[in-house]
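For reference, the structure is listed below as C-alpha cells.
The values are calculated or read from the model by the stated rules, or taken from the named source; none is laboratory data. This structure is a prediction, so every number in the text was calculated from the model and none was measured. Backbone-built Cβ (ideal geometry, glycine too); neighbour counts: all protein chains shown. These accessible areas exclude ligands, DNA and RNA; they are computed on the full protein's heavy atoms, side chains included. Shrake-Rupley method; radii C 1.70, N 1.55, O 1.52, S 1.80 Å.
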Amino acid sequence: MTSHYDHEQVQEFWQYVWERDEVYHLEDDAVDPTYVLGMFPYTSGTLHMGHVRNYAITDAYARYRRMQGDDVLHPMGWDAFGLPAENAAYERASDPNSWTQACIRRMREELETMGFGYDWSREITTCEPDYYQWNQWLFKRFYEAGLVEYEAASVNWCPDCETVLADAQVDERESADGSHDGERVCWRCETPVTWRELDQWFFTITDYAEELVDGLEDLEGWPDGVREIQRNWIGRQEGTRITFEVAGDETETTAVDVFSTRPDTIYGATYLAVSPGHVLARDLAETDESVAAYVDTVREQDPGDVGLSGVETDATATHPLTGEELPVYVAGYVLEDVGTGAVMGVPAHNERDHAFAAEHDLPIAGVVAPTTGASDVDLESAAYTGEGILEDSGEYSGLESETARERLLEEHDALEEDVTYRLRDWLISRQRYWGTPIPVVHCEDCGHVLVPDDELPVELPEFVRTTGNPLAEHDSFRETECPECGGPARRETDTMDTFVDSSWYYLRFLSPDYDDGPFDPEKAAEWMPIDVYVGGDEHAILHLLYIRFFARALSDLGLLECREPVQELISQGTVLYDGEKMSSSKGNVVAPQEYGAETTRLFVLSAAHPEQDFEWTANNVRGAYDLQQDLYGMATAFVEEGNTRLERQPHDEYIADEIDRTIIAVTDEYERFRFHRAATEIRELAQLLRRYRAYAQPHDETYRRGLLTLAALISPMAPHLGEECWNKLRGDGLVVEADWPEPETDIEDSRLERRLVERTLADVRDIVEVASIDEPEQIDLVVAPTWTYRAATLQAVAERDDTTDADDLESVAERVSEQLEADVSSDQLASFLEQRATARGHGTVEVLEPERERLVLERAAWLVTDEFNADVTIRRAGEVDALDEGELNARPGKPAIRIE
C-alpha cells in the first residue's frame, strides 16, 4: 500500500461513486434548500484559473453546508450565446452552434475532472431553444407591462463587432499618464467606439432607478465596493428642473428643461446649450444647415474628440426670471445621457460653461460672491464654483446660496425640485446572429406585432456567413406573415443582448423542465433568494445590476416574490502571475490541470481570502501539495502500522481538546468563507497529531478521531483526498454525506485556551534562551491565585463603567475591592491591578476560569516535556508554601515560570 497520494488514480472511482449515489442531486420536494451559485461560464472552450477559483469557492461551501445537514442546490449551466462564438465559427468555417457545443463538452469534462459537485440534472444552456423561448416569452410580458420601448437613438457602435453596445459595455482606455480620460472602446475587442442613429429596442430599467439605488442599503451581504459601483452607475442626483421657453425663426415655441444643482446661479445664465442628440437639436437641424452639419459631424465622433465645439442656432431662449433672451447653442460638451441633455450656461460659476463661453466669446456674469469678498475672484480667468452671497440677482441679492435656493423654488413655477439618474434604459438590440431572436414582426399596416406565445420559440435559422447582421441577409427568416392581419411582414432581425440570458438563469435552475413558464413560481417562492452568489466584481454594473432589475420586474408581473435575488455576494479576487492577471495574450496562463486538479483547487482556496488577489507561484503551490501528502500519509500509516493503546492518559485529553478547538475554528472559518484560515487550522492540527504520535504510543480512539476529523474538515476543499482518507480510516459511508464534526466537550473559549498554551511555551523558550539554560531538568508552571481571576474580571467591568475613571487606578481598585470578597491586602490588590493594566491595557482583559486554566496547562504539559526533555509540574501559587517573589508575578493567562 503506497503512502503517496495521486489524485488522478482515485478521481475516476470517487466521481463514479458520487454519481452512482446521486449525492449532489436535489429532490424537487426539498424544503428551502441552501442555494449556492457561481456565475455560470461563457462557453469559451476551456476553463481558466478565474473559473477554477470561482467554482472551488462555491463547491467548498456547498459541500460544507451539505455536511451541516442542509439540502443544497448547487447547479451549473452555460452562458452560450455571444459574438465570440460567432467570430470563432467564422474563422473556422463552422457555425456557432457546433463550436459552442464542442466548447461545452470540453468545459464540462474539465469541471468534472476538478471534482466539482453539481446537480447536472438541472443543467441549462442558453443557446438551446427550450431556454431562449423564455427570453422571448419574458420580452413579451415586459412589452405588455410597458417595460419595452422601440425608438430611434444615438447608440454606441463597435465597427469591428458590427453591433450596438450598451453604455455599460463601453470602456474607457487609459491614457498615457494612467488617467481614465482616453478614448471610448469596446469592452470585448477594445476597438474605438463611434456613434450611430438606429431604431432600437430598450428595456426601461430607468423605471426602477430609485428602487435599485435605495435597495442597495439593504444588501448587507454584498461587498461595499460593489454597492458603491452600482450606486455611482445609477447616479442619483437631487437638484432643480428649470424650464426655458425656446423659439426660433422656423420653429414653434417649445419648452426646454434643464437640470441644475445650483439654481441659485440662475441669474448668471448667459446662454442655453443642448446636446447634439437633443430633440431640439434635431428639430433645428431640419431647417438650419449649419446645425445639421454640426450634428452629423459630432455624432460620428468620440465624445472625447468633441472638445468645446458648438454651433449657435437661430433660436433664442427666454430667461424664466428676467425675461431676457439668451442665445441657444448645440454643444458637444452637453451630454445627451446626463441630466436632461440641456444646460443653462452659467460661465461664472461652472467650469465647463466657463471654458465654452471663453471659446465662443460669450458673456460671463457673476452672481455669487464668496463670503470673503468678491474682490478675491477673477471670473474672467476661472469660474467660482463655491457657495456664497448672491449679487446682481434681483430681489435675491444679499441672500446666502442655500436660502436663495429655497425661496426660488417656493416662488417660481418655472423651477421644480427634481431627481435625475445617470442610469439610462437598457439597450438590448444587437445586430448579430448568435443570440435570442426578438419576437416581433414589423407590419406596414399593423406596426410592431408580437409573435404569439404558441409560435414561440422564434428559432434561429441556419447560420449564413456574412458581414454585418446575418439575420438581415437571411430571406426566409426575414420575410414572414403578420400574426394579426396575415399580410406580408418583416421579422425583427436584431437579437437580444446576451445579458438578457443571464439576468434570470438562476430561476430556471429551480425548475429546468417546467413547461408553463420560465420557472415555477411556487418553487421560486420557497427556494429564492440565492443564499450565496460568487463571481468577479467586473460584473457589478452589468450582470449584477440587470439581475436586480429583472427580479423587480418579475415581481411586479406576479411571477416572483423576492425583489432582491441575491442574499450574500462574494466578489472573488484575481489570480496573478508575475504581478499581472493571467492572460493568454501575455503568455502567463497556468492551466488548471498543470499541477493536478486537487492541488490546484486546494491552493486557490488556501492562498488567500476569496475576495483578495493572490500571486500564483510554484513554491506556494507546493504547500498545498505537501498538505495532501501529509494527510494521506498519516491515514495510511495509521492503518498499516497500528501500534496504539487503549488506556487514556492526561496528554490524550489535550489532543482531544485541540481536536475540538480545531473543529470550532474551522467551522467558523467555513461560515465566513475564510478557506485559507481553515486550511491553516487543518495543517496545524496535522502537525500536532504527528508530534503526538512521535511523542509516545497514541491512544487509538483519540488518534483515529483526529485523523477522521482531518478527513472531514479537508473534504470540502479536497473531496477526493477526503474520501480516500475517510475510506482508509473506515469512516461511516461517504465523507461527502457524513455529518460535520462536532466538539465532544463544551469549550467556551478555544481562542483563549490556545493563546494560553502558545504564550506559555513562548515564555519558556525566552527564559531558556535568555538564561542560557542548555538542558533544563525541571520546569514549574505556577498559575495565579484564584482571587486574581475574579479581580481581573472586576477590573475590566470597572474600567468600562461610565461612573469610573478608567485611568484612575485608585478608583478602580476601590471598586474592585468592594466586590472581590477575598482576603487580599490593598497593596497586593493595587500591585496586581497596576501590573494588569500595564501589561494588557484598559479594556482588553479576557481570562479563563481559574480551574479551566490550570486544567488546560496540565493537559498541555507534555508539549513542554517534549520540547525541552524536562519534568513539568503545574501548581497554584501559594498552595504549597507562602507566596514567594516569583509566584507574585503569576497573572491570569500568564503563569509564573521557574526553571532548574
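Which distance in nm do the two modelled labels at SER555 and ASP296 give, with both placed 7 Å along the Cα-to-Cβ direction?
4.9 nm
For the stretch 220-309, which GluC sites (Glu not before Pro) pass both filters: DSSP loop (anything but H, G, I, E, B) and at most 13 other C-beta atoms within 10 Å? Before the final figure, lay out each step's value.
Working: sites: GLU220, GLU228, GLU238, GLU245, GLU250, GLU252, GLU286, GLU289, GLU300; in loops: GLU220, GLU250, GLU252, GLU286, GLU300.
Counting only loop positions with at most 13 other Cβ atoms within 10 Å, the GluC sites (Glu not before Pro) in the stretch 220-309 are GLU220, GLU250, GLU252, GLU286, GLU300.
In degrees, nearest 10, range 0 to 90: what is the angle between the Cα axis of helix 809-820 and the longest Cα principal axis of the chain?
60 degrees
Taking only the alpha-carbon atoms of the stretch 193-269, what semi-axes of the equivalent ellipsoid follow from 5 times the gyration tensor eigenvalues under a square root, in whole Å, largest first?
For the stretch 193-269, the semi-axes come out at 34, 21, 12 Å.
Ignoring any ligand, DNA or RNA, what whole percent of the accessible area of the chain comes from carbon and sulfur when the probe is 1.4 angstrom? Please report the intermediate quantities before stating the final value.
Working: 16560 of 39360 Å².
Reported share for carbon and sulfur atoms: 42 percent.
Using just the C-alpha positions of the chain as equal point scatterers, what log10 of I(q)/I(0) does the Debye formula give at each q in 0.08, 0.10 1/Å?
Calculated log10 I(q)/I(0) at the listed q: -0.94, -1.15.
Please report the Cα spread of the stretch 372-420 along all three principal axes, rounded to whole Å, starting with the longest.
34, 27, 15
Could you work out the local net charge near GLU110, counting Lys and Arg as +1, Asp and Glu as -1, over the other residues with Cβ closer than 13 Å to its Cβ? List each step's numbers first, then the result.
Values: positive: ARG105, ARG106, ARG108, ARG601; negative: GLU109, GLU112, GLU594.
So the surrounding residues net to +1.
Give, to the nearest whole percent, the P(r) tail of the stretch 104-214 beyond 18 angstrom, counting all Cα pairs. Present the calculation step by step, with values, prior to reporting the outcome.
Working: 4328 of 6105 pairs.
Summing the P(r) of the stretch 104-214 above 18 Å gives 71 percent of all pairs.
Would you mind calculating the gained length between GLU27 and VAL419 on full extension (0.36 nm times residue separation, minus the Cα-Cα distance), in nm to one decimal?
136.3 nm
Round to the nearest 10 and give me the degree value, 0 to 90, for the angle of helix 401-411's Cα axis relative to the longest principal axis of the chain.
50 degrees
Summing +1 for each Lys or Arg and -1 for each Asp or Glu, what net charge is found among the other residues whose Cβ lies under 14 Å from the Cβ of LYS581?
Here the charged neighbours net out to -4.
Compute the Rg/Rh shape ratio of the stretch 515-577: radius of gyration over Kirkwood radius, all on alpha-carbon atoms.
1.07
ASP515 versus SER381, label points 7 Å from Cα toward the beta carbon: distance in nm?
8.0 nm
What translational D, rounded to a whole number of µm²/s, comes out for the stretch 508-635 from Stokes-Einstein when the hydrodynamic radius is the Kirkwood one over Cα pairs, at 37 °C and 0.692 mPa s? Present the calculation step by step, with values, prior to reporting the outcome.
Working: Rh = 17.9 Å.
The estimated diffusion coefficient comes to 184 µm²/s.
If you line up the Cα atoms of the stretch 223-363 on their principal axes, what length do they span on each, largest first, in Å?
55, 36, 28
Using alpha carbon coordinates only, what is the Rg to Rh ratio of the stretch 464-544, with Rh defined as the Kirkwood radius?
Working: Rg = 18.7 Å, Rh = 16.5 Å.
Value, to two decimals: 1.13.
Using square roots of five times the C-alpha gyration tensor eigenvalues, list the equivalent-ellipsoid semi-axes of the stretch 343-413 in whole Å, biggest first.
22, 15, 9
Would you work out the relative contact order for the chain, in percent, from Cα pairs under 8 angstrom that are 6 or more residues apart? Don't jump to the answer; show the numbers that get you there.
Numbers: 1577 pairs, mean separation 112.2, N = 900.
It rounds to 12 percent for the chain.
So with the 1.4 Å probe, I'd like the accessible area per residue for the chain, rounded to whole Å².
44 Å²
Evaluate the stretch 619-658: find the radius of gyration of its Cα atoms, find its Kirkwood radius, and give the ratio Rg to Rh.
With Rh from the inverse mean 1/r over Cα pairs, Rg/Rh is 1.15.
Counting each DSSP H run of 4 or more residues in the chain as -39500 (n - 2.57), what helix-only mean residue ellipticity at 222 nm follows after dividing by all residues, to the nearest 500 deg cm²/dmol?
Taking each H run of at least 4 residues, the total per residue is -12500 deg cm²/dmol.
Within 10 Å of each candidate Cβ there may be at most 16 other Cβ atoms; applying that plus a DSSP loop requirement, which trypsin sites (Lys or Arg not before Pro) in the stretch 630-726 survive?
Hits after loop and neighbour filter: ARG648, ARG672.
Which whole-angstrom value gives the distance between the alpha carbon centres of the stretch 607-632 and the stretch 433-455?
Cα centres, the stretch 607-632 to the stretch 433-455: 53 Å.
How many percent of all Cα-Cα pairs in the stretch 570-712 sit more than 28 Å apart?
Beyond 28 Å sits 31 percent of the P(r) for the stretch 570-712.
Give the relative contact order (percent, whole number) for the stretch 592-717; include only Cα pairs under 8 Å separated by 6+ residues.
In percent, rounded to a whole number, it is 35.
What list of whole percents do you get for P(r) of the stretch 446-498, with Cα-Cα distances grouped in 5 Å bins up to the one holding the largest distance?
4, 18, 26, 27, 16, 7, 2
Step by step: find N for the stretch 24-93, compute 2.2 N^0.38 Å, then divide the Cα radius of gyration by it. What's the final number?
Expressed relative to 2.2 N^0.38 Å, the Cα Rg reads 1.45.
If you count only protein heavy atoms and use a 1.4 Å probe, how large is the accessible surface of TRP14, to the nearest 10 Å²?
10 Å²
Using Cα-Cα distances under 8 Å and only pairs 6 or more residues apart, what relative contact order does the stretch 1-130 have, in percent?
33 percent.
Under 12 Å from the Cβ of GLU417, count the other residues' Cβ atoms, weight Lys and Arg +1, Asp and Glu -1, and hand me the total.
Combined, the nearby Lys, Arg, Asp and Glu give -3.
Can you give me the angle between helix 224-234 and the longest principal axis of the chain, using Cα atoms only, in degrees from 0 to 90, rounded to the nearest 10?
Approximately 10 degrees, to the nearest ten.
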